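Here is the structure we will look at.
Coordinate-derived values only; no laboratory data. Fair warning: this is a prediction, and the values are worked out from it, not measured in the lab. Counting neighbours? That spans all protein chains shown, and the Cβs are built from the backbone with ideal geometry, glycine included.
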Amino acid sequence: MAAGARMVLVAAIASGQGKTTVTAALARRLRRMGQRVHVFKCGPDFIDPMVLEHASRAKVHTLDLWMVGLEQSRQRLARAAREADVVLVEGVMGLYDGDPSAADLARTFDLPVLAVIDAAAMAQTAGAVVMGLRDYGPVRMAGVVANRVASEGHARMVAASLRDIPLLATLPKQARQLPERHLGLVVPGEVDGIDAILDELADQLQLDEAAWHALAPQLPDEALPEAPVPPLLAGQTVAIARDAAFCFLYPANVDTLTALGAQVRWFSPLADEPVPPDADMVYLPGGYPELHGEALAQAARWRDSIRAAHAAGVPIFGECGGMMVLGDSLVDAQGRDWPMAGLFPGRVLMQPRLAGLGPQAVATKSGQMRGHTFHYSRLETPLAPAAWTTKHPSGAQGEAVFRAGSLTASYFHAFFASNPAAAASLLRGDLA
């Protein structure tokens, strides 16, 4: 029987402490030590998993007790523990933020917590912070990584304050950091020298290897058998936009489409590639179309092809960024108004203030589809919503879902694996 893997959930008191930086540095460092590393991201997120995938050289899937579900999260963790030497789970926001929180995930699967502390402006107070993180839940504390440590003396003060909790690693203040923009980190494909930055972080990580190896390997309880996915899309071709403007796509969504029997075809609107002519459905995921307004406005072949698909009644699903390119125009952060595909009336306007955030669900004819929303733009349209999502856990009204002919569009990001049958319904536009 497999002995299991060393497993930790990397958490902090808040966003901005360096969780992704530490997780990426640790993943790359452990790979260099010959370890098989599997990384997960807790909660809805597209960008952090891209960075972690780059660092670990392996697909990064999502764990979430609500959006992904208890049993599917258990299945993924158990599989990873059998296949890897190390399983790292990056938390979301602060350890206890959200419902469910990263702490809920840690307690559910008995994952020890590796606390990341931004030590730049503290020393002995680090101990109080870490003990508060441990005891408030409580959670099982594996140790601490002190980020932005100024010197060896500074590290010793932090270590002494932790009392019975080991200081597993430190990172100094970084001259080069992973760059950020309004939705989080900049995606790796846009960062020059991303591998050099990750290698530098791994070099700078001062890891107490003895303390790390003292962590006991774990093998989570086996999950219930996975329910078979009905081949509801057998023989169907789903064309998916994928490029720098449409890069927010969960690996689990593609896996779900394949399990449903669909053939996936990729195309790039940014490269002015048309919708594949054999597409039975078109899926436009989210991303950063607002950064590529000019290129998309000039992509005549792409625009003509999506209009032709719409006129022919081909089902089209546009989520968030995918919806933003299907109205009449897109106004970017600089106030430039770019013409878009015009499949429904209205325009999208970028704004500095967050317009939507949090877990949500939408009802389809095949049941509830879970997912989330996160956007800094607003849609002005005379089109009446065909449906609304509901926020979790409040049940309050969430995002509008629009229908225009064969088009279904919303700011809602769907997590297909939460209900494969509902994914097929959503792609077809079969709302409840």
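First check a/c for the stretch 1-103, with a ≥ b ≥ c the square roots of the eigenvalues of its C-alpha gyration tensor; if it is under 1.5, answer rounded, and if not, answer prolate when a/b is larger than b/c or oblate otherwise.
Because a/c hits 1.5 or more and a/b fails to exceed b/c, the stretch 1-103 counts as oblate.
Using DSSP to define loop residues, name the chymotrypsin sites (Phe, Trp or Tyr not before Pro) in the stretch 82-152 whose beta-carbon has at most 10 other beta-carbon atoms within 10 Å.
Sites meeting the loop and neighbour criteria: none at all.
Setting aside same-chain residues fewer than 8 positions from K19, which aspartates and glutamates have a Cα under 13 Å from its Cα?
List returned: D48, E90, D118.
How high is the FRET efficiency from L431 to R82, r the C-beta distance, R0 30 Å, rounded to 0.05?
That gives a FRET efficiency of 0.15.
Give me the dipole magnitude in Debye, nearest 20, for the stretch 273-312 about the Cα centre, with unit charges on the beta carbon: positive for Lys and Arg, negative for Asp and Glu. Don't skip to the answer; put the middle values down first.
Working: 3 positive and 6 negative charges, 23 e Å.
About 120 debye.
Can you give me the C-alpha center-to-center distance between the stretch 382-432 and the stretch 309-346, rounded to a whole angstrom?
17 Å
If Lys and Arg each add +1 and Asp and Glu each add -1, what is the summed charge of the other residues whose beta carbon sits under 12 Å from the beta carbon of A422? Don't jump to the answer; show the numbers that get you there.
Numbers: positive: K365, R370, R428; negative: D430.
Around A422, the charge tally is +2.
Compute the signed sum of charges (Lys and Arg +1, Asp and Glu -1) over the other residues within less than 11 Å, Cβ to Cβ, of L330. Display every interim value, and only then the final one.
Numbers: positive: R336, R347; negative: E290, E294, D328, D332, D337.
Combined, the nearby Lys, Arg, Asp and Glu give -3.
What shape does the stretch 6-213 have by the C-alpha gyration tensor, where a ≥ b ≥ c are the square roots of the eigenvalues, rounded means a/c under 1.5, and otherwise prolate means a/b greater than b/c and oblate the rest?
The shape class here is rounded.
Positive end of the charge dipole of the chain (Lys, Arg +1 and Asp, Glu -1 on Cβ, about the Cα centre): tell me which of S161, I197, S366 has its Cα farthest that way.
The one lying farthest along the dipole's positive direction is S161.
Across 5 Å bins from the origin, how do the percents of Cα pairs in the stretch 308-352 run, short distances first?
6, 22, 29, 23, 11, 6, 3, 1
Indicate the gyration tensor shape class of the stretch 237-428 (rounded, prolate or oblate), computed on the Cα atoms with a ≥ b ≥ c the square roots of the eigenvalues: a/c under 1.5 is rounded; otherwise a/b larger than b/c is prolate and the rest oblate.
In terms of gyration-tensor shape, oblate.
How about the stretch 108-180: which trypsin sites (Lys or Arg not before Pro) there are in a DSSP loop, with at most 11 other Cβ atoms within 10 Å of their Cβ?
R163, R176
Taking the beta-carbon count within 10 Å as an exposure proxy, list C320, C247, C42 from fewest neighbours to most.
Ordered from fewest to most neighbouring Cβ atoms within 10 Å, C320, C247, C42 come out as C247, C320, C42.
Can you tell which of L326, A400, L260 lies farthest toward the positive end of the dipole of the stretch 237-428, using +1 and -1 charges on the Cβ of basic and acidic side chains (Lys, Arg; Asp, Glu)?
Result: A400.
Hey, what number do you get for the chain at 222 nm if only DSSP H runs of n ≥ 4 count, each worth -39500 (n - 2.57), divided across all residues, to the nearest 500? Can you show the working numbers first?
Numbers: 13 runs with 122 residues, N = 432.
For the chain, the value works out to -8000 deg cm²/dmol.
Under unit Cβ charges (Lys, Arg +1; Asp, Glu -1), what dipole magnitude, rounded to 20 debye, does the chain have relative to its Cα centre?
Computed about the Cα centre, the dipole is about 340 debye.
Modelled label-to-label distance, L219 and A300, 7 Å Cα→beta-carbon offset: nm?
Taking the simple label geometry, L219 and A300 are separated by 6.3 nm.
Taking +1 at the Cβ of each Lys and Arg and -1 at the Cβ of each Asp and Glu, which of I316, A27, L233 sits farthest along the dipole of the chain towards its positive end, judged by Cα position relative to the Cα centre?
After comparing all options, I get A27.
With both bridge residues required to lie in the stretch 6-213, what share of the DSSP beta bridges run antiparallel, to the nearest 5%?
Here the antiparallel bridges make up roughly 15 percent for the stretch 6-213.
For the chain, with a Gaussian network of springs between Cα atoms less than 10 Å apart, report the residue from P269, P138, P166 with the top mean-square fluctuation.
P138
Could you state, as a whole-number percent, how many of the C-alpha pairs of the stretch 76-139 are farther apart than 18 Å?
Percentage above 18 Å: 44.
Please compute the modelled spin-label separation between E152 and R307, points set 7 Å along Cα→Cβ, answer in nm with one decimal.
The modelled label-to-label distance comes out at 6.9 nm.
With both bridge residues required to lie in the chain, what share of the DSSP beta bridges run antiparallel, to the nearest 5%?
The antiparallel fraction comes to roughly 45 percent.
For the residues V89, V129, what sequence is obtained by ranking on other C-beta atoms within 10 Å, fewest first?
Working: V89 26, V129 19.
Final ranking by Cβ density, sparse to dense: V129, V89.
Expressed in nm to one decimal, what extension gain is obtained for the pair S268 and S394 from 0.36 nm per residue of sequence separation less their Cα-Cα distance?
Additional length available on full extension: 41.6 nm.
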